[in-house]
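The values are calculated or read from the model by the stated rules, or taken from the named source; none is laboratory data. Please read these numbers as outputs of a predicted model, since none were measured by experiment. Cβ coordinates were reconstructed from backbone atoms using ideal geometry, including for glycine residues, and neighbour counts include every protein chain displayed.
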There are 2 protein chains.
Amino acid sequence: MKGVFMTQRYKIVLAYDGTNFAGFQRQPQQRTVQSVLENALNKMSKKDDYITIHGSGRTDSGVHALGQVVHFDFPHHIPAEGMLRGLNSMMPLDCEVKACEIVSDDFHARFTNHGKRYVYRVSQGEFVDPFKRLYTGHYKYKLDLSRMEAAMEDVMGTHDYSSFVAAGSQTTNHVRTIYEAKVYRDQANDEIVFEFCGNGFLYNQVRIMVATLLEIGNGRRPIHDFLRLYEVKDRNECRETAPASGLYLKEVYYPENDEKKSISN
Amino acid sequence: MKGVFMTQRYKIVLAYDGTNFAGFQRQPQQRTVQSVLENALNKMSKKDDYITIHGSGRTDSGVHALGQVVHFDFPHHIPAEGMLRGLNSMMPLDCEVKACEIVSDDFHARFTNHGKRYVYRVSQGEFVDPFKRLYTGHYKYKLDLSRMEAAMEDVMGTHDYSSFVAAGSQTTNHVRTIYEAKVYRDQANDEIVFEFCGNGFLYNQVRIMVATLLEIGNGRRPIHDFLRLYEVKDRNECRETAPASGLYLKEVYYPENDEKKSISN
């Protein structure tokens, strides 16, 4: 990537409210996280060479991030703190740079990450709370937390998640490992929270797993239905997908911050 | 209001996310709380006589409500529970009917209320959190909670609030009574919360008081500056107005629920 000009590689951590973005990835005529970030960076660089950013992965329209990771090569030597401030002064308020560091050229947000943590927040009640409509998935039926806790034991481990991948996925290998899976009641916000940490997730996997777990919590499926779903490898067996609004990419893990993997919340 | 048809008066409690409303009151070509509620009601009534709603008071564009109160006369005898469900099925997701009851014809949301409770939420930090930009006022400078606590003692009582009324107010009597005024740190959400309960509030009064309290908290004004401001009766002495996004109309009080006035989170 280095040409006549010396460039420096930056790693940034982004938080964004996904509501008004058409997802992460750049698309023509759409407001995406990538496009607003690249717009800000290219204004800052004032060079002809277009700066392209690389995210740890895409997030869909309406999906939020608390800790998305992005890298890019920048043609000026700006200290990390200055880059953070400069970007935040140019970015819209629904996307914030939380952290910035200068990294070596072998760092790659997508290829060198070896895990991600997602959170899914569910609100309950007969009607949708106006303040939660964009920030949770709403499930109005009864949920038995203990049934979902038992099912989460099956979610953990190395499995073929073919029953939990949406059409449109470009990968054929659907084997992934989930290191940690937990569900708990967030008393302060009166929500059910699912949390998953794994080495990688398939397209819509978390949202399909959550929809299936809610069916288990409501008694519409047997508690250990995940074990059967791993065998049948058939998306038609889990048709529901929980809404984008409840999903948050919480953290992306790289070799240098391995120790953080065991930390949550 | 009763003509040939018998009507029944309903009192409803509304929660709304003010972000996408041009305030409470109906305005031509604008999406307001009143217009979406009247649209739903008039579709339900299927009569030619237009049903007009009456709120406890207006809220500005971007201001939220947890417990706005509205009354209206409806030309059919629908049980309160049916009215609540019917309205919620027709209203957009950013406005929810939280409660509904049938009341006597002498109930009036605006004229018979004798107090309101407002909450103002403030987020801190150098940059605005993307998830708080629409739901708090942001103040990046340091705040000394104890200074604001001391100032809140002066906020309580019966005073002439002329220094705290925005241009555009239609009332000439600026004397109001604030029964309760408190400020505290909400640890769970990492916010500073102001709460005011009084017999009535002037146009933008809460937002101007909060802006002034933040200046006191930051040391830009003396702690007891409110005492001076009550004397000078001059809006130019408190020029700042805290943003609409942090303000919530939390509760409106009527004679029958007087006992609730002393209850607060």
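Given the options A:Met156, A:Met209, name the one that is within 27 Å of A:Ser61 (Cβ to Cβ), touching a residue at least 12 places away in the same chain (Cβ under 8 Å) and of a type in the set (A, V, I, L, M).
From the options A:Met156, A:Met209, the qualifying one is A:Met209.
Of A:Gly157, A:Gly219, A:Gly198, which residue is closer than 19 Å to A:His64 by Cα and either of a type outside the set (A, V, I, L, M, F, W, C) or exposed (fewer than 15 other Cβ atoms within 10 Å of the Cβ) (or both)?
Testing whether each residue is closer than 19 Å to A:His64 by Cα and either of a type outside the set (A, V, I, L, M, F, W, C) or exposed (fewer than 15 other Cβ atoms within 10 Å of the Cβ) (or both) leaves just A:Gly198.
For the structure I just gave you, tell me whether A:Pro79 is assigned by TED's automatic domain parsing to the domain that holds A:Asp17, more than 28 Å from A:Asn218 (Cα to Cα) and surrounded by 15 or more Cβ atoms within 10 Å (Cβ to Cβ).
It is false that A:Pro79 is assigned by TED's automatic domain parsing to the domain that holds A:Asp17, more than 28 Å from A:Asn218 (Cα to Cα) and surrounded by 15 or more Cβ atoms within 10 Å (Cβ to Cβ).
Which number in (1) within 14 Å of another protein chain (Cβ to nearest Cβ); (2) surrounded by 15 or more Cβ atoms within 10 Å (Cβ to Cβ); (3) among the acidic types (Asp, Glu) marks the one condition that B:Glu180 misses?
All conditions are met except number (1).
Per-residue answers, yes or no, for (1) touching an Asp or Glu at 6+ places or on another chain (Cβ under 8 Å); (2) closer than 17 Å to A:Val252 by Cα; (3) assigned by TED's automatic domain parsing to the domain that holds A:Pro243:
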| site | (1), (2), (3) |
| --- | --- |
| A:Tyr16 | yes, yes, no |
| A:Thr19 | yes, no, no |
| A:Arg26 | yes, no, no |
| A:Gln29 | no, no, no |
| A:Thr32 | no, no, no |
| A:Met44 | no, no, no |
| A:Asp48 | no, no, no |
| A:Ile53 | yes, yes, no |
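Does A:Leu66 count as free of Cβ contacts under 8 Å to residues at least 60 places away in the same chain and of a type in the set (A, V, I, L, M)?
In short, no.
Hey, can you tell me all the residues within segment B:183-218 that are out of contact with any Lys or Arg (no Cβ under 7 Å at 6 or more places or on another chain) and of a type in the set (Gly, Ala, Ser)?
Result: B:Ala188, B:Ala211.
Somewhere in segment B:73-84, is a residue more than 14 Å from chain A (Cβ to nearest Cβ), touching a residue at least 24 places away in the same chain (Cβ under 8 Å) and within 20 Å of B:Phe111 (Cα to Cα)?
Checking segment B:73-84: at least one residue is more than 14 Å from chain A (Cβ to nearest Cβ), touching a residue at least 24 places away in the same chain (Cβ under 8 Å) and within 20 Å of B:Phe111 (Cα to Cα).
Name the single residue that is nearest to B:Arg176 (Cα to Cα) among those in segment B:102-148 being assigned to a strand (DSSP E or B) and within 14 Å of chain A (Cβ to nearest Cβ).
B:Val119
Of the numbered conditions (1) within 16 Å of B:Ser146 (Cα to Cα); (2) away from every other protein chain (no Cβ under 14 Å), B:Glu191 satisfies every one except a single condition; which is it?
(2)
Before we move on, is A:Val193 within 30 Å of B:Asp17 (Cα to Cα) and free of Cβ contacts under 8 Å to residues at least 12 places away in the same chain?
Against the criterion (within 30 Å of B:Asp17 (Cα to Cα) and free of Cβ contacts under 8 Å to residues at least 12 places away in the same chain), A:Val193 does not qualify.
Here is a check on your reading of the model: is B:Val97 closer than 17 Å to A:Phe127 by Cβ, in contact (Cβ under 8 Å) with a residue 40 or more places away in the chain and β-branched (Val, Ile, Thr)?
Against the criterion (closer than 17 Å to A:Phe127 by Cβ, in contact (Cβ under 8 Å) with a residue 40 or more places away in the chain and β-branched (Val, Ile, Thr)), B:Val97 qualifies.
Within segment A:23-48, can you find the residues that are surrounded by fewer than 19 Cβ atoms within 10 Å (Cβ to Cβ), in contact with a helix residue (DSSP H, G or I) (Cβ under 9 Å, 6 or more places away or on another chain), in contact (Cβ under 8 Å) with a residue 24 or more places away in the chain and part of a loop (DSSP other than H, G, I, E, B)?
A:Gln25 - this is the single residue of segment A:23-48 that is surrounded by fewer than 19 Cβ atoms within 10 Å (Cβ to Cβ), in contact with a helix residue (DSSP H, G or I) (Cβ under 9 Å, 6 or more places away or on another chain), in contact (Cβ under 8 Å) with a residue 24 or more places away in the chain and part of a loop (DSSP other than H, G, I, E, B).
What is the residue count in segment A:54-72 for residues that are within 12 Å of chain B (Cβ to nearest Cβ) and over 14 Å from the mean Cα position of the chain (by Cα)?
0
Need pairs with beta-carbon distance below 6 Å; first residue surrounded by fewer than 17 Cβ atoms within 10 Å (Cβ to Cβ) and within segment B:4-16, second modelled with pLDDT of 90 or more; sequence gap 6+ or separate chains.
Correct list of pairs: B:Phe5/B:Pro75.
Regarding B:Val97, is this residue at pLDDT 95 or above, within 13 Å of B:Arg9 (Cβ to Cβ) and β-branched (Val, Ile, Thr)?
no
Return the total of residues in segment A:241-265 being at pLDDT 95 or above and either in contact with a His (Cβ under 9 Å, 6 or more places away or on another chain) or among the acidic types (Asp, Glu) (or both).
10
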